[in-house]
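Trainee: Below is the structure I would like to discuss, written out as structure tokens.
The values are calculated or read from the model by the stated rules, or taken from the named source; none is laboratory data. Computed from a predicted structure; not experimentally measured. Cβ: placed from backbone, ideal geometry, glycine included. Neighbour counts: every protein chain shown.
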Amino acid sequence: MHVNTFRNVAPLIIRKLSKTEQYVYSILLILAVSTACFVFSQYTGYHTAALLLLVTVSLIAMFGDIYPVILAAVLSALIWNFFFIPPLYTFHIGKSEDILMFLMYFVIALLNAVLTIKIRLIEKNAQIREEKEKFLQIYTNLLTSLSRELRNPIATIIGAADNLKNNSENPGISNTTGLVSEIASSSLRLNRYVDNMLVISQLESDTLVLSNNWCDINELAHKVTKRLKETEVKQHIDIEIADSLPYFFIDPVLMELVLNNLIHNAVNYTPSNTTITVRASCIIDQLVIIVEDEGNGFPGDLIYEVFNRDYRLNASLNGGAGLGLAVVKGIVESHRGTVSIRNKNEGGTMITLSIPAKISYNTDPKYEIER
């Protein structure tokens, strides 16, 4: 393992230990290494024992707090003196060079412990600053994207509302219907933008929390489709989901956003009068959702880029901030699922989601024992 990776990962394990546990494990580790060195002392000599004990103190310093590390350094020096430096089993040191070596060992062990902990502190502070800068950059990007993408639907809503207000005395039925349709369509776009921004910010900051409940995918798909059809969708949307499909224990709100983004993405990038098909099935304890269209598909060299946050196939289309499929991927993965995309041989694109989930065939699943 790379040294930097080890430094980053190992302290995460040790920091879960209490101060008392750090004292205990530090003492036990020094005693274990000392015992091993003592057993083989006739082959290695006391200089090798000093080196191994110094390495042990260094390892403890990479993990523990300052006082357990100082204890380990002092304990190792005393053990090295008592059990390894002649004469043995006494704290008296016979040779002046051994006295100097013992003092050097003691100083080096303490300095090594203190400096290692200071380095850890510096790295921690640098990591905190880096995380703050990253969060600020994410916030700035999301705010910029949000302000840019909300401009069009808000302008449409305001314009349509003004027209309704100005023509309130003698409104034409067809004109009113068109204006109301514009308001509804723009409101849905506005709502989807906000939902996507909220979820992507939670995903990037690792704060997304699932609120799982029993979910009827069939009902959810028809709900999303009905809402989209009210915005003058020019494609045919077919829902091919069996009524016998079980309930799934997932987050219904997030799954609605997933279906909304998938179908809306297909609507955005396929010609009029083509068919968009939504399928769902249960394979063992996996929810499998497939959304396929009859469009032109994605460019072969870019097909796997569509899940990136900043990717958009055609910026001129009303496809939002390029967050839709990135949000889909994030939500599916937060459910421990997978998402894949491929171009069909006969034309069009197929996106497949697979999510492990508890299932229930009960019409009132909250009373059923979860499997």
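Trainee: Condition first: at pLDDT below 75, farther than 22 Å from Ile30 by Cβ and surrounded by 11 or more Cβ atoms within 10 Å (Cβ to Cβ). Now tell me which residues in the range 95-138 satisfy that.
Mentor: Answer for the range 95-138, where residues must be at pLDDT below 75, farther than 22 Å from Ile30 by Cβ and surrounded by 11 or more Cβ atoms within 10 Å (Cβ to Cβ): Lys134, Phe135, Gln137, Ile138.
Trainee: Please verify whether the range 251-264 includes one or more residues that are crowded, with 18+ Cβ neighbours inside 10 Å and farther than 26 Å from Leu208 by Cα.
Mentor: Checked the range 251-264: no residue is crowded, with 18+ Cβ neighbours inside 10 Å and farther than 26 Å from Leu208 by Cα.
Trainee: Can you name the strands (runs of 3 or more DSSP E) wholly within the range 211-329 that have at least 3 residues being polar (S, T, N, Q) and modelled with pLDDT of 90 or more? Spell out how you get there, then give the answer.
Mentor: Numbers: elements: 213-215, 236-240, 247-250, 275-283, 286-292.
Fully inside the range 211-329 and qualifying: 275-283.
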